[in-house]
Structures are given as structure tokens and as C-alpha cells.
Ligand code: HEM
């Protein structure tokens, strides 16, 4: 990097000040611990209900707003420098653009829990391993392509699964989750895997154990069974599935191909399912938005995509991004020793970004047309370790919503969301219920 560029990027990072012990503890209690309680990578139904009743994210926003108002700059060092929390676009950009090298995502509680079921996954890799696995993931997921090479087949899977869906007079989460279970198995493994709920069940069981962080250690029988099943599918990949693209993808001994697959499964089935369900609630709650979205049917267009982005932004399924410094570093004039935990609290940064209007409202236009990357909005993350499944998320999410809106009319029964107004800080997707009528 030239000196001029260095000076420019340093100037763009605001200062990091030291927060007091009281402020640090308040952040840990309202921002950090609830993220652990909610479920690090698979939200727990009971915990979501309790945390939503307590409106925990509002408490985190309040605590962090106080810290930011007092200290200013781009973030703060907490607990004597063991932790840093960032809210400024400059500092967040610096960290995310140097992710997997200077700032690694393989430390901390999330990585420890994930190692229980996917110890060699991309998201918990760094350095040369990360580069190798990233190239493999980007190739299969067609991260850099405008349209995934298997898009037509994936869209016909969505069409078939929505046609098979039996819903009405109500729609609840379990039915929607079942829809995504089938779509995921067919997209990742092929049509012959549609009924393999044992596979998704095994992964769900291991993920639940992983995020309880107890008994996490030696691989269990379930672990070997999960990878045995994935290896069998990999040995005989079905045409039109993601696995059929594995052979052509760049790979080496470092890649650990089978270990990349569970992330695709839960990110599509659980994460995308939850986000699409919330987007449906947003549309059903706002008749004028719904009418505009319907104008884009049967395919669904830019507006529908913008609504999906907004649902993801307003209620980020990754409430917090965590990184660990891999060496002694300087950020915003503050020294971060090797091993410092660097936190970006999405539930705060997405709702209180300084200088951005209407952050509590649904504004799909934020994502329409050519807008510069906003490093504080990280529902799909940004920088080197951003979500390589992003294009697939938009393709499948948009397709499911468009098909469902073509088939049925939805009335949001609970919880209530204000049409066009400030959205509640938390939206428990398990609790969303619709009344449904065929169109
Ligand atoms: C709405 C659905 C999704 C959301 C909101 C989402 C969000 C994210 C976020 C925030 C990250 C960064 C996490 C971190 O650094 O701590 C990430 C990484 C990742 N996502 Fe997604 N994701 C979604 C769906 C998918 C899908 C469908 C796939 C694959 C089929 C996928 C594959 C990945 C992978 C492999 C990474 C790790 C990237 C790396 O470490 O370089 N995601 N995703």
C-alpha cells in the first residue's frame, strides 16, 4: 500500500477511546450476553421469546448510545483493552477489509461452538486455509456471477415446493421452516435428498450442542454420522445440485470439502428461512407496500429484494460480528494487543448509524439502484469475509416470497407491525402468525 493510501485510510478511521468499567459491564450485560443466550448461530425458541419480552436489544442500543454519546469517535476499548466495540464506518471497514488475516473470526465463543460440528468451515478459518476454502465456496456458490449457473433449476425447485405447500387458514413458522427444509435439501444435495430429514436433524442436534458450549470436545457418533452422510452424497452428486459443482471448484488438501457443506445447509434452511418469514410479515403489515410488491409479480423484482434486505437489516440474524486480532495492531489511534476481541453489534449499528435517516423504518429504496457500500449495515457482512452466499440468498429469498404472494393473500395476525412507521427493535420470527387465503 502506498504511503498516500495509508494516510487516507487511517484518516478515515475515527478515534477509539477507553470506556469505564461500569460502561464496559453494561455493554457486556446488554449486548454480549443476550447474543449468547439467543443462540449464537441457531436461535432458540424459548430464549427468543424471553429476550423479546424483555426488549433486550433496546437495552443494548441504549447502553451503547450512552457510550458513543460520551466518547464519540468510531468505537471504544472496554475492560482495560480486552475488548473493543465499533460503531464508526471507518473503523468497521478497516476491520472487515482485513478480516481472516489481521482480524480473525476463528476465536471466541461462536467459533468454539461451531467447531463442535464444522471445525474446518470457512467461517472459522484464517490465513492460507481461509483463502483456499474461500475460493472453493465462491466457486460453488457463484459469488461473483450475476446469476447462479443453476438458477433455473433452483427456481423450479422453489416453484414445485411452494405448489406442494398446504397452508391456510393460518401460516405458522413450523410450516414455513418445513418448506425451507425441502428447498435446502434439493438445492444442496439434489431431489433424491428431499426426504432426508435425518440429515437436517443431525445437524440441528449438533448445532444445539455446539451453542450450549457444554460437552463440546471430542467428535460424537452424530458428528461421524453427519459427515458419513455428506460424504456419500458427495461421492455421487446429483445433477443440478450445489454438490454437482464441487468437482470443478478449486480445491486442495486444505479445503476439507465436506466441512464446507453444513454451513450451506443451515444458512439456507434456518437463516434465510427466518429472514424471508420476517420479510413476509413486513409486506403483509403494510397494504401500500404489498400493492407495490404485487406489481412486480410473478417474478418479484428490485423492490421485493429491497424489502428482504430491510428485514435482514432491521432484525439481523447475526446480531453481532466478532473478530480477534492476530497480532498487536493500532486502530483509531488505540493499541489493540494480539487476542483483543473486536465486536460490531449489528443490532446497534443497523438502528443508530449516525447521519442515516429513518434507520428504524422499512426503506427498500436503500438497496435499489447503485448505492455505495455502507459498512455499518452487516446483515450479509462486508469486506473480505462477506457472505459468499449473498447472491443465492437474494435469488431464493425473492423467489419464495414472489411465489407465495402469487398464490395467497396474507394478513399478519401477530405480532403487529406499524405500516410505514418505526419498526420494533425485536421481531421473534417463531411467533409470527398469518391468516392466509388463496388468491
Ligand atoms: C439470509 C441468509 C443469510 C444471511 C443473513 C447470511 C449472513 C452472513 C454473515 C453476516 C456472514 C459473516 C459472518 C461473520 O463473519 O461472522 C456470512 C458468512 C458466510 N455465509 Fe452467509 N448468510 C446467509 C445465507 C447464506 C447461504 C445461503 C450460504 C451458502 C449457501 C452462506 C454461506 C456463508 C459462508 C460460507 C460464510 C463464511 C464466509 C467467510 O468466512 O469468508 N450464507 N453470512
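The values are calculated or read from the model by the stated rules, or taken from the named source; none is laboratory data. Not measured: the values here are computed from a predicted model. A quick note on method: Cβ atoms are made from the backbone with ideal geometry, for glycine too, and the neighbour counts reach across all protein chains shown.
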Q: Check the range 366-378 and report whether any residue there is in contact with a helix residue (DSSP H, G or I) (Cβ under 6 Å, 6 or more places away or on another chain) and more than 16 Å from the ligand (Cβ to nearest atom).
A: yes
Q: Output the residue which, of all residues in the range 392-416 that are farther than 19 Å from residue 296 by Cα and out of contact with any strand residue (DSSP E or B) (no Cβ under 7 Å at 6 or more places or on another chain), is nearest to the ligand (Cβ to nearest atom).
A: 392
Q: Collect the residues in the range 99-123 that are more than 8 Å from the ligand (Cβ to nearest atom) and either assigned to a helix (DSSP H, G or I) or in contact with a strand residue (DSSP E or B) (Cβ under 9 Å, 6 or more places away or on another chain) (or both), keeping them in residue-number order.
A: 102, 103, 104, 106, 107, 108, 109, 111, 112, 113, 114
Q: Determine if the range 245-255 includes at least one residue that is assigned to a helix (DSSP H, G or I), more than 16 Å from the chain's Cα centre (by Cα) and either away from the ligand (no atom under 13 Å from the Cβ) or modelled with pLDDT of 95 or more (or both).
A: yes
Q: Quickly run through the range 124-146 and pick out the residues that are in a helix (DSSP H, G or I) and either near the ligand (Cβ under 10 Å from one of its atoms) or free of Cβ contacts under 8 Å to residues at least 24 places away in the same chain (or both).
A: 124, 130, 131, 133, 134, 136, 137, 138, 140, 141
Q: Can you confirm whether the range 422-439 contains a residue that is surrounded by fewer than 16 Cβ atoms within 10 Å (Cβ to Cβ), more than 30 Å from residue 149 (Cβ to Cβ), out of contact with any strand residue (DSSP E or B) (no Cβ under 7 Å at 6 or more places or on another chain) and at pLDDT 95 or above?
A: yes
Q) Name the residues in the range 326-349 that are closer than 13 Å to residue 103 by Cβ, within 15 Å of the ligand (Cβ to nearest atom) and not in a loop (DSSP other than H, G, I, E, B), would you? A) 341, 342, 343, 344
Q) Just one of 195, 240, 190, 217 is away from the ligand (no atom under 13 Å from the Cβ), more than 28 Å from residue 315 (Cα to Cα) and modelled with pLDDT under 95; which is it? A) 217
**Q.** Residues within the range 273-325 that are in a loop (DSSP other than H, G, I, E, B) and more than 16 Å from the ligand (Cβ to nearest atom), tallied
**A.** 7
Q. Tell me, which residue of the range 74-98 that is part of a loop (DSSP other than H, G, I, E, B) and modelled with pLDDT of 95 or more is farthest from residue 332 (Cα to Cα)?
A. 98
Q.
Quick check on residue 362: is it in a strand (DSSP E or B) and either more than 16 Å from the ligand (Cβ to nearest atom) or touching a strand residue (DSSP E or B) at 6+ places or on another chain (Cβ under 8 Å) (or both)?
A. no
Q) From the list 349, 371, which one is crowded, with 20+ Cβ neighbours inside 10 Å and either at pLDDT below 95 or under 27 Å from residue 64 (Cβ atoms) (or both)? A) 349
Q | Output for the range 325-347, where each listed residue is touching a residue at least 40 places away in the same chain (Cβ under 8 Å), farther than 16 Å from residue 16 by Cβ and touching a helix residue (DSSP H, G or I) at 6+ places or on another chain (Cβ under 9 Å) | A | 326, 347
